[in-house]
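These notes are about the structure you will find just below.
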Amino acid sequence: MQTSGINIPTKLPGIEQSIFSIMTALANKHNAINLAQGFPDFNCPPQLIELVTKYMKDGKNQYAPMPGHLPLKEKIAAKAEKLYGAKYNPDTEITITAGATQAIHLIISAIVKEKDEVIIFEPAYDSYIPAILLNRGAPKHFNLEPPNYAINWEQVKKMVTSKTRLIIINTPHNPSGSVFSEEDMVQLQKIIANRDIFVLSDEVYEHIIFDGIKHQSVCSYPELARKSFAVFSFGKTYHTTGWKMGYVLAPKLMTDELRKVFSYAMFSANTPMQWAYTEIMDDEQHYLDLSSFYQQKRDLFLDAIKGSKFKPIPCKGAYFQCLDYSEISKEGDRKLAERLTKEIGVASIPTSVFYHDKQDYKVLRFCFAKSPETLKAAGEKLCKI
Ligand SMILES: Cc1ncc(COP(=O)(O)O)c(C=O)c1O
């Protein structure tokens, strides 16, 4: 289409096309194994497909209630109480959204005003900064370094000002695979105490945590929970990332604000999926077994790259294994990720893209939510470099 003479003032200067689309397109072009984008290459439980089909045939195809299907929210409330000892009112404190990404966008839109400061820990999932900028907030970046990506809370405390409105945390963490400890939660709680600071806790990998470590949810800490939006994703838990379904737990006062935005941005999430998830949530074993399911995949991938010169970064949760390649090459991580895709046939994500200033620690992120055959084949190729 002819668009010369049209001037569109971008609201997101400096924000590039998502690296996930770029690397996936490159992987497809070169027929490479795609360990770049974070999605499973295996199907969801067949029962879930049968349930969605059943509810579609039953006519559950019109708008769901704005905040979500109540029986689903009741199941979520019961789960949060059982796992995290937290009581959320299904009617007023739980909202079903179109994936965690939408939830994050809505929360930031509801809470962040012009010039409000938002503390984010980098490397960070790539949807946080654009949402902050669209709402004219000011991201305040806190740099975490490999191999442990540990947070120095004394330094975080020094970043807090009267303008700090929100702190975004993510545990288990994408891309690093690090997880919060109880001490991290206590330190966060101390920082927000007696201040008008809210927390957005991105817990989409709550059920993917390894070596017997316990997931630390804001929901388990009453003093944190009362000022937190906790964000979850059905996509991650049920291998249905393409359905874009998630939910938010937050006290009523905060949920009210979130829903003001949600009502006009979306109104309600997908109906037949909500009915299906309601039923499949009865099978607790599915999510309780998820950690061991993915731990086997992590270990298989680590085994497959054992003979290589890559140095694994400890992965305690989520489905990404970061590899330090400093013994292999001095190239920038983006360059190497592209070269590995084209020449070796394995696509990954350069972790510099998760830092606003593109810090390059010579680390690539590989998604291991893949079949054993895919992981073994990728390992063989990576051993060749
Ligand atoms: C840390 C993190 N948060 C949120 C999301 C988005 O979840 P959803 O697919 O439910 O939008 C992802 C997906 O990759 C993620 O890694």
Worksheet entry | Selection within segment 68-89 - touching an Asp or Glu at 6+ places or on another chain (Cβ under 8 Å) and farther than 19 Å from S201 by Cβ | L70, K75
Discussion item. For segment 99-118, which positions are in contact with a Phe, Trp or Tyr (Cβ under 8 Å, 6 or more places away or on another chain) and more than 16 Å from the ligand (Cβ to nearest atom)?
Written reply: I111
Worksheet item: Given K163, K87, which one is away from the ligand (no atom under 14 Å from the Cβ) and free of Cβ contacts under 8 Å to residues at least 12 places away in the same chain?
Response: K87
Worksheet item: (1) touching a residue at least 12 places away in the same chain (Cβ under 8 Å); (2) more than 13 Å from the ligand (Cβ to nearest atom): which one isn't true of L253, the others all being true?
Response: (1)
Worksheet item: Considering only segment 110-124, how many residues are assigned to a loop (DSSP other than H, G, I, E, B) and buried (at least 20 other Cβ atoms within 10 Å of the Cβ)?
Response: 3
Worksheet item: When residues of segment 13-37 are filtered for being surrounded by 11 or more Cβ atoms within 10 Å (Cβ to Cβ) and touching a residue at least 24 places away in the same chain (Cβ under 8 Å), how many remain?
Response: 15
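In the set Y247, Y277, which member is assigned to a helix (DSSP H, G or I), aromatic (F, W, Y), within 15 Å of the ligand (Cβ to nearest atom) and within 26 Å of F42 (Cα to Cα)?
The conditions single out Y277.
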Worksheet item: Hey, does segment 372-383 have a residue that's more than 11 Å from A36 (Cα to Cα) and assigned to a loop (DSSP other than H, G, I, E, B)?
Response: yes
Worksheet entry | Residue list for segment 65-77, filter: within 19 Å of V231 (Cβ to Cβ), in a helix (DSSP H, G or I) and aliphatic (A, V, I, L, M) | L72, I76, A77
Worksheet item: Taking into account only those residues within segment 201-236 that are under 15 Å from N170 (Cβ atoms) and of a type in the set (D, E, K, R), which is surrounded by the fewest Cβ atoms within 10 Å (Cβ to Cβ)?
Response: E203
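V186 - would you say it is β-branched (V, I, T), surrounded by 17 or more Cβ atoms within 10 Å (Cβ to Cβ) and in contact with a Phe, Trp or Tyr (Cβ under 9 Å, 6 or more places away or on another chain)?
Values: β-branched (V, I, T): yes; surrounded by 17 or more Cβ atoms within 10 Å (Cβ to Cβ): no; in contact with a Phe, Trp or Tyr (Cβ under 9 Å, 6 or more places away or on another chain): yes.
Judged against the criteria, V186 is not a match.
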Discussion item. The conditions are (1) surrounded by fewer than 18 Cβ atoms within 10 Å (Cβ to Cβ); (2) in contact with a strand residue (DSSP E or B) (Cβ under 9 Å, 6 or more places away or on another chain), and A250 fails exactly one of them. Which is it?
Written reply: (1)
Worksheet entry | Hits in segment 290-313 (condition: under 18 Å from the mean Cα position of the chain (by Cα) and more than 23 Å from T240 (Cα to Cα)) | none
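Restricting segment 184-200 to residues that are closer than 17 Å to I151 by Cα and within 19 Å of the chain's Cα centre (by Cα), which is nearest to the ligand (Cβ to nearest atom)? Outline the logic, then answer.
Within segment 184-200, the first condition is being closer than 17 Å to I151 by Cα, and the residues that meet it are 184-192, 199-200.
Restricting the remaining residues to those that are within 19 Å of the chain's Cα centre (by Cα) gives 184-185, 199-200.
Working: D184: 16, M185: 18, V199: 15, L200: 10 Å.
If we take residues in segment 184-200 being closer than 17 Å to I151 by Cα and within 19 Å of the chain's Cα centre (by Cα), then L200 is nearest to the ligand (Cβ to nearest atom).
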Fill in: Sole residue being within 16 Å of the ligand (Cβ to nearest atom) and either surrounded by 15 or more Cβ atoms within 10 Å (Cβ to Cβ) or not aromatic (F, W, Y) (or both), chosen from A78, A131, A64
A131
Worksheet entry | Failed item in (1) in a strand (DSSP E or B); (2) away from the ligand (no atom under 16 Å from the Cβ); (3) of a type outside the set (A, V, I, L, M), with R136 passing the rest | (1)
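I'd like the full set of residues that are away from the ligand (no atom under 11 Å from the Cβ), out of contact with any strand residue (DSSP E or B) (no Cβ under 7 Å at 6 or more places or on another chain) and assigned to a helix (DSSP H, G or I), limited to segment 222-244. Quick ask: steps written out before the conclusion?
First, the residues of segment 222-244 that are away from the ligand (no atom under 11 Å from the Cβ): 222-230, 239.
Narrowing further to those that are out of contact with any strand residue (DSSP E or B) (no Cβ under 7 Å at 6 or more places or on another chain): 222-223, 225-226, 239.
The answer is P222, E223, A225.
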Worksheet item: Of all residues in segment 201-221, which are away from the ligand (no atom under 16 Å from the Cβ) and either in contact (Cβ under 8 Å) with a residue 40 or more places away in the chain or closer than 13 Å to V179 by Cβ (or both)?
Response: F210, D211, G212, I213, K214, C219, S220
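Readers should treat all values here as calculations from the given coordinates under stated rules, not as data from a laboratory. Since we're looking at a predicted model, the values are computed, not measured. For neighbour counting, all protein chains shown are included, and Cβ atoms are generated from backbone atoms with ideal geometry for every residue, glycine included.
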